[in-house]
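Step one of this worksheet: look at the structure below.
The values are calculated or read from the model by the stated rules, or taken from the named source; none is laboratory data. Predicted model only: the values in this text are computed from it and were never measured. Here the Cβ positions follow ideal geometry from the backbone for every residue, glycine too, while neighbour counts run over all protein chains shown.
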Amino acid sequence: MSPSLLLTSLALYLGLLFLVALLGEGRGKALAQGPWAYALSLAVYATAWTFMGSVGRAATEGATFLPIYLGPTLVLLFWPFLHGRLLQLARAHRLTSWADFLFLRYRHPLLGPLAAAFLVVGLLPYLALQLKAIAQAFLFLSGEKEPLADVAFPTALFLALFAILFGTRRLDPSERHQGLVLAVAFESLVKLLAFLLVGVTMLWSLGNPFPQAQSRPELAPLLLPPEGLAGYLAWVNLVLLSGLAFLFLPRQFHVSVVENVDPKHLPLAAWAFPLYLLLINLPVLPLALLGQLHLPGENPDLYVLALPLEISPLLALLAFLGGVSAATAMVVVESLALSILISNHLLSPLLLRYRALGSLLLWRRLAILLVMLLAYLYFRLAGEAYALVGMGLISFVAVAQLAPASLLGLFWKGTTPQGALAGLLGGTALWAYTLFLPALARSGWLPKGFLEGPHPLLRPEGLLGLSGLDPVTHGFLASLTLNLTLTLGVSLFTRQEAPSRDRTGEVEELAALLRRVLGPEAGEAFLEQATGLRGPEAAALAEAWLAGSVGPATARLLLLSATREAPPQALREEVEAAARESRALRTYAEALEAARKELSEAYERLKALDQAKDELLAAVSHELKTPLTSVRALAEILEAHPDLPEEERRRFIALLAKEAARLSRLVDQVLAYARLQAGLPPALAPTDLKGLVEEALALVKPLSLERGVNMEEALEAVHALTDRDRVLQILLNLLHNALRHARRRVRLELHRRNGEALFRVVDDGPGVPEEARLRVFEPFQSFSGGTGLGLFLARRLVEGLGGRIWLENGNGTTFAFTLPLEVSHEDPGGGRRGEHPGAPGVPPEEGGA
Amino acid sequence: MKEKALALFFLAILLFLLPLDLLFRQTEGPWGLPPLYLYLYGAWGFVVLLAYRFFRKP
């Protein structure tokens with residue numbers, strides 16, 4: 001095939017990729033942010049290694065190409081525990097890589113840089129593999145044999161440019177790159193369709209390879225499982241290794257975590273991505289068998305190109321572009337992810353020290369270029385020593401070294417920074433000794449004698465005398481076992497360090513810091529988001545923003561200038577608890593003060609009542625003493641003078657009876673008062689008030705006849721729910737009072753007014769003197785020889801029934817009182833609280849009724 | 001969702017990591033296809049189908 005045609009096709013394809021990325025940043029933004037683009041972008045996992053290397057591996061080792069895709073399937077099924085959790089962490093702390101997580105989890109200054117440097121070194125072979133795939137495919141199709149290269153160099157430069165343009169426009173790498181995502185998703189579709197098309201066309205053209213393969217004994221191992229324990233161990237190792245690689249490869253972290261716009265995309269990806277892997281693996285075995293049957297002398301890694309070339313150059317060109325798409329997507333995303341690692345963990349602390357942090361974006365772009373050039377160098381220097389899959393697997397084992405520190409850090413609180421560091425260092429060293437250095441030795445960069453080791457027990461590809469394991473399985477088992485053992489062992493024997501104190505700071509100062517480092521837009525956005533946050537929360541937010549852009553270690557250093565140490569968590573909790581207690585105490589004290597006031601008022605009332613009782617007792621004693629003295633004196637006279645004239649004697653006896661009656665009345669009223677004070681509730685019952693008034697009039701009729709007073713009445717029929725006996729007592733008290741003062745006439749009225757019963761007792765006596773009007777309802781205020789308790793009792797009884805009593809102005813004396821037709825609240829001893837319209841004895845129109 | 005994911009994860013481990021050497025010793029199976037691959041692709045497809053049933057609705 002003409003090299004110029006290939007070059008033109010390559011250039012056109014890369015141009016198309018450019019347009020797709022532009023579309024993703026423009027009109028196709030919604031498409032790039034959708035769940036399907038997310039699921040397809042995960043397929044950046046399927047690289048040139050998948051497109052060409054899998055067929056090569058299937059053609060030489062049989063089914064062992066499959067575990068490389070079964071591992072990621074398993075990991076993605078576990079998404080609620082891994083990716084779901086990672087997304088939460090990444091959103092909270094703006095993580096851009098596992099190295100960020102290691103720093104965040106362990107706060108050890110060496111862990112992040114070590115992980116970053118190791119990943120760069122470990123993944124160079126993998127990047128070189130992609131360049132090799134492109135170069136190899138180009139040379140194969142163009143028919144040129146030597147030198148192997150140099151289409152790889154301009155392609156590497158173009159891809160570096162692409163990654164710079166669509167991945168590093170701004171400093172914040174945790175922002176989403178829709179153009180990049182759409183381009184990667186597009187490439188995933190291209191490689192899947194191209195591979196399926198090549199497979200179907202080959203089957204259609206060359207026929208079913210299985211019957212022929214089954215008749216060829218030398219091909220039988222390709223159709224059978226790996227043999228024996230070593231074979232099974234290799235199978236399990238590959239599943240585990242690829243699962244870990246899928247989780248820890250920087251490009252996978254980038255597309256699955258950093259570029260994720262919505263965690264709800266994960267469930268779809270959890271079945272769509274495994275389905276993608278299943279589909280892209282369907283043509284592998286048929287193509288491998290067809291290659292073995294029809295192209296026995298050809299390089300198996302090139303079957304995907306060589307077979308279509310037998311049928312149609314156009315199909316071969318399609319296969320070439322499929323391989324290119326698989327390689328370019330990986331190269332772009334991986335180089336971007338590695339450049340972020342380099343700039344955040346290796347460069348930014350240095351730039352900060354030399355006050356050149358402002359040039360970080362430039363350095364990140366240069367890092368992409370550097371990574372690409374190093375990969376190209378690796379490919380040129382060591383690339384021809386290993387098959388495609390062999391190179392990829394070395395990188396996979398390197399990436400898997402992050403697993404113990406990361407997974408234990410994620411799920412086990414007991415992992416210590418020392419344990420993580422020891423594990424990572426040990427695993428890295430053993431990876432280099434068992435895999436990386438032997439690869440260099442095979443490429444001639446180290447003496448071949450290196451492969452023999454300094455001692456038979458220390459042979460790089462057979463430690464402790466192990467034999468029968470393939471180098472990758474051996475290197476993976478050895479390095480991961482040592483890594484895990486050191487991480488666990490050192491963690492168990494080292495103390496968990498006290499977590500570093502949180503920082504706290506003013507929002508304004510933090511915003512100014514962000515403005516300086518990330519630009520004015522970031523400062524304003526931070527102000528908007530952080531306003532209202534507490535100091536430690538604002539500082540944590542600022543740290544996350546900075547960490548996403550300049551790396552967590554540098555962010556921590558930058559934050560020192562704008563923050564101070566927050567009080568320890570325990571102290572904060574104590575302060576908060578004290579504040580809570582103080583609030584509770586204040587509420588309690590307020591309640592206590594209210595209760596004290598209430599008690600004080602009650603005490604004052606009780607005191608007043610007690611005083612009133614004393615006064616009452618004194619008054620009662622005084623009142624009782626007068627008639628008793630009279631009774632005693634009269635009785636002594638009658639006893640001492642039996643010969644008193646009859647007339648005198650009758651006069652004395654009449655006086656005696658009068659005083660005894662007075663005493664009896666006094667005692668009755670005192671008893672009534674005592675009942676009232678006892679607080680017995682009124683016995684409410686439907687009562688015919690008119691009938692009750694007539695009964696009272698009948699009771700006082702003898703007295704009125706004796707006094708010669710005419711009783712008048714004006715009564716309406718009124719019914720009420722009230723205490724009949726108490727109302728009768730009120731009426732009798734008022735009538736007795738009126739009869740005592742009346743000259744000729746006493747009038748009793750009963751009306752219904754405003755929902756109340758209004759009573760009025762009017763006499764034509766001299767009336768109450770002006771100076772006595774206010775004291776008329778006080779106890780023992782008698783102005784005419786009564787007990788002085790009648791009106792007092794009447795008032796208390798009226799108030800106890802929810803009514804009001806007052807003395808009206810006018811000729812003679814008019815006492816009026818009301819009773820509610822239905823009592824809603826009664827106070828047996830003190831009247832209607834809160835509803836009483838005015839002071840006792842003051843009529844409603846004066847007292848504010 | 002978490003329980004289903006966990007159950008499916010363990011089922012997939014069981015299906016993918018069986019001692020295949022003991023189970024598939026023939027190169028020819030139904031429709032002339034190798035039984036090892038029929039099993040592996042079938043088990044894989046089954047797991048994907050279950051994942052689709054479990055995860056399609058959030």
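For residues that are buried (at least 24 other Cβ atoms within 10 Å of the Cβ) and either assigned by TED's automatic domain parsing to the domain that holds A:Ala555 or of a type outside the set (S, T, N, Q) (or both), tally how many sit in the range A:348-362.
Step one: list which residues in the range A:348-362 are buried (at least 24 other Cβ atoms within 10 Å of the Cβ), which gives A:348.
From what is left, the residues that are either assigned by TED's automatic domain parsing to the domain that holds A:Ala555 or of a type outside the set (S, T, N, Q) (or both) are none.
Qualifying residue count for the region: 0.
Taking only the range B:2-58 into account, find how many residues are assigned to a helix (DSSP H, G or I) and either of a type in the set (A, V, I, L, M) or in contact with a strand residue (DSSP E or B) (Cβ under 7 Å, 6 or more places away or on another chain) (or both). Spell out how you get there, then give the answer.
So the first thing to find is which residues in the range B:2-58 are assigned to a helix (DSSP H, G or I), and the list is B:2-16, B:20-23, B:30-32, B:35-55.
Filter again for either of a type in the set (A, V, I, L, M) or in contact with a strand residue (DSSP E or B) (Cβ under 7 Å, 6 or more places away or on another chain) (or both), leaving B:5-8, B:11-15, B:20, B:22-23, B:36, B:38, B:40, B:43, B:47-51.
Selection size over the range B:2-58: 21.
Name, by its number, the condition in (1) more than 23 Å from A:Tyr126 (Cα to Cα); (2) in contact with a Leu (Cβ under 6 Å, 6 or more places away or on another chain); (3) at pLDDT below 85 that does not hold for A:Gly53.
(1)
Quick test of your reading of the structure: B:Ala5 fulfils all but one of (1) more than 7 Å from every other protein chain (Cβ to nearest Cβ); (2) buried (at least 17 other Cβ atoms within 10 Å of the Cβ); (3) of a type in the set (Gly, Ala, Ser). Name the failing condition by number.
Only one criterion is unmet by B:Ala5, namely (1).
Does any residue in the range A:541-568 that is outside any helix (DSSP H, G or I) and at pLDDT below 75 come within less than 9 Å, Cβ to Cβ, of a residue that is β-branched (Val, Ile, Thr) and crowded, with 24+ Cβ neighbours inside 10 Å six or more places away or on a different chain, and which pairs are these?
Pairs found: A:Gly551/A:Thr96; A:Gly551/A:Ile340.
Across the range A:653-702, what is the total count of residues that are small (Gly, Ala, Ser) and within 30 Å of A:Leu821 (Cα to Cα)?
The first filter runs over the range A:653-702 and keeps only residues small (Gly, Ala, Ser), leaving A:654, A:657, A:660-661, A:664, A:672, A:674, A:678-679, A:683, A:685, A:691, A:696, A:698.
Within this subset, residues satisfying the condition of being within 30 Å of A:Leu821 (Cα to Cα) are A:672, A:674, A:678-679, A:683, A:685, A:691, A:696, A:698.
Result for the range A:653-702: 9.
Considering only helices (runs of 4 or more DSSP H) fully contained in the range A:396-470, which possess at least 3 residues that are closer than 26 Å to A:Trp49 by Cα?
Numbers: elements: A:403-411, A:417-431, A:437-442.
By residue number, A:417-431, A:437-442.
How many of the residues in the range A:425-450 are touching a Pro at 6+ places or on another chain (Cβ under 9 Å) and surrounded by fewer than 18 Cβ atoms within 10 Å (Cβ to Cβ)? So that I can check it myself, show each step before the final result.
Within the range A:425-450, the subset touching a Pro at 6+ places or on another chain (Cβ under 9 Å) is A:427, A:433-439, A:441, A:446, A:450.
Still in the running and surrounded by fewer than 18 Cβ atoms within 10 Å (Cβ to Cβ): A:437, A:446, A:450.
Total satisfying the criteria: 3.
Given the criterion buried (at least 22 other Cβ atoms within 10 Å of the Cβ), of a type outside the set (A, V, I, L, M) and modelled with pLDDT under 90, identify the matching residue among A:Gly15, A:Gly26, A:Gly62.
Working: A:Gly15 fails: buried (at least 22 other Cβ atoms within 10 Å of the Cβ); A:Gly26 fails: buried (at least 22 other Cβ atoms within 10 Å of the Cβ).
Of the residues listed, the single one that is buried (at least 22 other Cβ atoms within 10 Å of the Cβ), of a type outside the set (A, V, I, L, M) and modelled with pLDDT under 90 is A:Gly62.
Six or more apart or on different chains, Cβ atoms under 9 Å: show the pairs whose first residue is in the range A:704-720 and hydroxyl-bearing (Ser, Thr, Tyr) and whose second is surrounded by 16 or more Cβ atoms within 10 Å (Cβ to Cβ).
A:Ser704/A:Leu697; A:Ser704/A:Met711; A:Ser704/A:Leu735; A:Ser704/A:Leu739; A:Ser704/A:Ala742; A:Ser704/A:Val746
Tell me whether the range A:194-207 contains one or more residues that are free of Cβ contacts under 8 Å to residues at least 12 places away in the same chain and either more than 26 Å from A:Glu334 (Cβ to Cβ) or more than 8 Å from chain B (Cβ to nearest Cβ) (or both).
Filtering the range A:194-207 for residues free of Cβ contacts under 8 Å to residues at least 12 places away in the same chain gives A:204, A:207.
Next, from what is left, pick out any that are either more than 26 Å from A:Glu334 (Cβ to Cβ) or more than 8 Å from chain B (Cβ to nearest Cβ) (or both): A:204, A:207.
Checking the range A:194-207: at least one residue is free of Cβ contacts under 8 Å to residues at least 12 places away in the same chain and either more than 26 Å from A:Glu334 (Cβ to Cβ) or more than 8 Å from chain B (Cβ to nearest Cβ) (or both).
For the range A:79-96, what are the residues that are at the interface with chain B (Cβ under 8 Å from one of its Cβ atoms) and either surrounded by fewer than 22 Cβ atoms within 10 Å (Cβ to Cβ) or of a type in the set (Val, Ile, Thr) (or both)? It would help to see each step written out before you state the result.
Taking the range A:79-96 and keeping what is at the interface with chain B (Cβ under 8 Å from one of its Cβ atoms), we get A:79-81.
Residues satisfying the conditions are A:Pro80, A:Phe81.
Within the bounds of the range A:66-76, is there any residue that is in a helix (DSSP H, G or I) and over 23 Å from B:Leu40 (Cα atoms)? First the steps, then the outcome.
At the first step, the residues of the range A:66-76 found to be in a helix (DSSP H, G or I) are A:67-76.
Imposing the further condition that a residue be over 23 Å from B:Leu40 (Cα atoms) reduces the set to none.
The answer is no; no qualifying residue exists.
Pull up the range A:242-266, narrow it to residues that are within 13 Å of chain B (Cβ to nearest Cβ) and part of a helix (DSSP H, G or I), then point me to the one that is farthest from B:Leu17 (Cα to Cα). Steps first, please.
At the first step, the residues of the range A:242-266 found to be within 13 Å of chain B (Cβ to nearest Cβ) are A:242-243, A:262-266.
Narrowing the set further to residues that are part of a helix (DSSP H, G or I) leaves A:242-243, A:265-266.
Details: A:Ser242: 14, A:Gly243: 13, A:His265: 28, A:Leu266: 25 Å.
It comes out as A:His265.
When both residues are 6+ apart or on different chains and their Cβ atoms are under 6 Å apart, which pairs have a first residue that lies in the range B:9-21 and is more than 7 Å from chain A (Cβ to nearest Cβ), and a second that is of a type outside the set (Phe, Trp, Tyr)?
Pairs that qualify, where the first residue is more than 7 Å from chain A (Cβ to nearest Cβ) and the partner is of a type outside the set (Phe, Trp, Tyr), are B:Leu15/B:Ala43.
Exactly one of (1) among the aliphatic types (A, V, I, L, M); (2) more than 23 Å from A:Lys613 (Cα to Cα); (3) surrounded by 21 or more Cβ atoms within 10 Å (Cβ to Cβ) is unmet by A:Leu797. Its number?
(2)
Only one of these is within 14 Å of chain B (Cβ to nearest Cβ) and crowded, with 24+ Cβ neighbours inside 10 Å: A:Phe320, A:Phe273. Name it. Talk me through it step by step, then tell me what you get.
Working: A:Phe320 fails: within 14 Å of chain B (Cβ to nearest Cβ).
Checking each option against the conditions leaves just A:Phe273.
Hey, could you check the range B:18-37 for residues that are under 22 Å from A:Leu240 (Cα atoms) and aliphatic (A, V, I, L, M) and say which is surrounded by the fewest Cβ atoms within 10 Å (Cβ to Cβ)?
Only one residue fits best here, namely B:Leu22.
Give A:Leu40, A:Leu74, A:Leu16 a once-over and let me know the one that is without any contact (Cβ under 8 Å) to a residue 40 or more places away in the chain and either farther than 27 Å from B:Leu14 by Cα or within 36 Å of the chain's Cα centre (by Cα) (or both).
Values: A:Leu40 fails: without any contact (Cβ under 8 Å) to a residue 40 or more places away in the chain; A:Leu74 fails: without any contact (Cβ under 8 Å) to a residue 40 or more places away in the chain.
From the options A:Leu40, A:Leu74, A:Leu16, the qualifying one is A:Leu16.
Output the residue which, of all residues in the range A:232-248 that are crowded, with 19+ Cβ neighbours inside 10 Å and of a type outside the set (A, V, I, L, M), is nearest to A:Ala478 (Cα to Cα).
Only one residue tops the list, namely A:Asn237.
Which ones in the range B:22-43 are of a type outside the set (Ser, Thr, Tyr), at the interface with another protein chain (Cβ under 7 Å from one of its Cβ atoms) and within 12 Å of the chain's Cα centre (by Cα)?
Those that are of a type outside the set (Ser, Thr, Tyr), at the interface with another protein chain (Cβ under 7 Å from one of its Cβ atoms) and within 12 Å of the chain's Cα centre (by Cα): B:Leu36, B:Leu40.
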